[in-house]
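The values are calculated or read from the model by the stated rules, or taken from the named source; none is laboratory data. Values in this document were obtained by computation on a predicted structure and should not be read as measured data. Heads up, the Cβs are rebuilt from the backbone with ideal geometry, glycines too, and the neighbour counts pull from every protein chain shown.
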Amino acid sequence: MRVDILTLFPEIALAPLGESMMKRAQEAGLVTIAAHDLRDWATGKHRKTDDYLCGGGQGMLLKPEPIFAAIEELRKENTTVILLTPQGEVFKQAKARELSEEEHIIFLCGHYEGVDQRVIDKLVDLELSIGDYVLTNGAIAAAVVTDALVRLLPGVLGDARSAVDESFSDPNLLEAAAYTKPIEFRGLKVPEILLSGHHAKIEEWKDEQALLKTKINRPDLLEG
Ligand code: ADE
């Protein structure tokens, strides 16, 4: 897989992808990740990438010309262009699984009030939001989505089961509570069942705990 991130802040996008598993995935050749400064495609003395809103309104919008030039240069035959924006479809694990099958993704990161609609109409295949809140820029969101996809690529996770067992593998259930050593800490004990060695009972307990945690933290997942 190849991921190109087009942003005014390449360092913000790359920083979280340069450590730990993301770093190893790139070193192992499982993914190539590059971030590009949108200003490199801006023309004129000031290399302007934004401008005022037509018809008035607060803030600035990313101009279409540098974005068209950049995407036309970066895209290949099988490229999916994704705009990160709070106006997009909310990103979920199912979408991460779907996108992890892509050959080449270009993430276009919004900034200021967003991008000119002509970019969305002509270049963007999918608009994604990472949640119902507004970030200062889409580069943070691009790093989040890239991390979620790359960890699903074969060979990235140390233990492939962790992608199956985790929260949202069943889209309606969170992962169960989990414990490690010491068995007793400040008078707080690991539940007996987990020390029993009885695998069927442990699985049953985990299922109950998963349901309980979902009821408490995400009752919306259980509706319907
Ligand atoms: N840019 C600003 N806020 C965002 C969000 N919630 N998701 C994706 N991109 C964004």
Quiz prompt | Whichever residue in region 120-133 is among the hydrophobic types (A, V, I, L, M, F, W, C) and within 11 Å of the ligand (Cβ to nearest atom) and, among such residues, is nearest to the chain's Cα centre (by Cα) | solution = Ile130
Quiz item: If we keep just the residues of region 134-158 that are more than 13 Å from the ligand (Cβ to nearest atom) and either over 14 Å from the mean Cα position of the chain (by Cα) or at pLDDT below 95 (or both), which is farthest from Gly110 (Cα to Cα)?
Solution: Gly158
Quiz item: So Leu153 clears everything in (1) surrounded by 13 or more Cβ atoms within 10 Å (Cβ to Cβ); (2) in a helix (DSSP H, G or I) except one condition, right? Which one?
Solution: (2)
Practice problem: For region 1-22, name all the residues that are crowded, with 20+ Cβ neighbours inside 10 Å and over 20 Å from Ile71 (Cβ atoms). | Solution: Leu17, Met22
Exercise. Could you tell me whether any residue of region 168-183 is away from the ligand (no atom under 16 Å from the Cβ), charged (D, E, K, R), surrounded by fewer than 12 Cβ atoms within 10 Å (Cβ to Cβ) and within 25 Å of Met1 (Cβ to Cβ)?
Key: no
Quiz item: Taking region 89-119 as the region of interest, how many residues are among the polar types (S, T, N, Q) and either within 15 Å of the ligand (Cβ to nearest atom) or under 25 Å from Gly56 (Cβ atoms) (or both)?
Solution: 1
Self-check item: Matching residues in region 47-94 - criterion: being under 17 Å from Ile33 (Cα atoms) and either without any contact (Cβ under 8 Å) to a residue 40 or more places away in the chain or among the polar types (S, T, N, Q) (or both)
Solution: Glu73, Arg75, Lys76, Asn78, Thr79, Thr80
Quiz prompt | Qualifying position, being buried (at least 16 other Cβ atoms within 10 Å of the Cβ), within 30 Å of Asp170 (Cβ to Cβ), of a type in the set (A, V, I, L, M) and assigned by TED's automatic domain parsing to the domain that holds Gly131, among Ala70, Ala35, Ala25, Ala42 | solution = Ala25
